[in-house]
Amino acid sequence: MEPSIENLTASLQKHAQIFDELLSLIPPKFYLPEDGDKKTVNKRFMKNTKKDTADKQKDAERKTRAAAKAERLDPDSFKTVQDLQSKKLEQENAKKTKSKTNGKNADHARMSKMDIDLDDSSSKVQEPEMTPMVGAGSISELKEKLQERIQNLRQKRKAP
């Protein structure tokens with residue numbers, strides 16, 4: 001026993017009418033914002049509102065993170081180590097050329113402020129003399145030396 005289409009439409013119309021009557025019992029000031037007075041809206045009825053600035057800032061951060069991730073994962077923008085190194089080298093060269101033109105006057109001023117000692121005799125470090133290695137000899141001699149060394153180490157630790 002299926003309800004007919006007329007019965008269903010009548011039931012739906014009756015439910016819609018009841019819902020409209022219930023809705024008319026609630027004053028519209030609680031669910032509709034007033035045109036001129038946005039400050040008079042009670043915040044306890046507006047649970048999910050956020051400040052616009054915080055929302056915009058979060059959206060901007062999300063977009064930048066998504067763009068960075070898309071850039072990282074994009075196979076067309078994949079760069080090899082050589083590409084990255086050459087780019088870095090170009091940037092360093094550009095910085096050096098800028099610093100050379102801008103930094104000559106600054107370097108001169110810095111150097112004039114510094115007290116420089118040009119006497120190298122006191123700062124010279126004495127290097128030990130280099131002596132050539134003694135010829136190692138044959139392989140059999142090296143093996144004998146190794147066996148002697150092993151024997152000496154065993155005696156020091158009192159091993160059999």
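The values are calculated or read from the model by the stated rules, or taken from the named source; none is laboratory data. None of the values given here were measured: they were computed from a predicted structure. All Cβ positions, even for glycine, are placed from backbone atoms using ideal geometry, and neighbour counts span all protein chains on display. Note: accessible area is taken over every heavy atom of the protein model, side chains too, but ligands, DNA and RNA are not part of it. Shrake-Rupley method; radii C 1.70, N 1.55, O 1.52, S 1.80 Å.
Criterion first (of a type outside the set (G, A, S), open to solvent by 100 Å² or more (accessible area, probe 1.4 Å) and at pLDDT 85 or above) does K63 satisfy it? Spelling it out, K63 is indeed of a type outside the set (G, A, S), open to solvent by 100 Å² or more (accessible area, probe 1.4 Å) and at pLDDT 85 or above.
Looking across the stretch 116-136, the residues that are open to solvent by 100 Å² or more (accessible area, probe 1.4 Å) and modelled with pLDDT of 65 or more come down to Q126, E127, P128, E129, M130, T131, P132, M133, V134.
Results for (1) of a type outside the set (F, W, Y); (2) surrounded by 10 or more Cβ atoms within 10 Å (Cβ to Cβ); (3) modelled with pLDDT of 75 or more, shown as yes or no for each residue.
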{"residue": "Q82", "(1), (2), (3)": "yes, no, no"}
{"residue": "A94", "(1), (2), (3)": "yes, yes, yes"}
{"residue": "S138", "(1), (2), (3)": "yes, no, yes"}
{"residue": "E141", "(1), (2), (3)": "yes, yes, yes"}
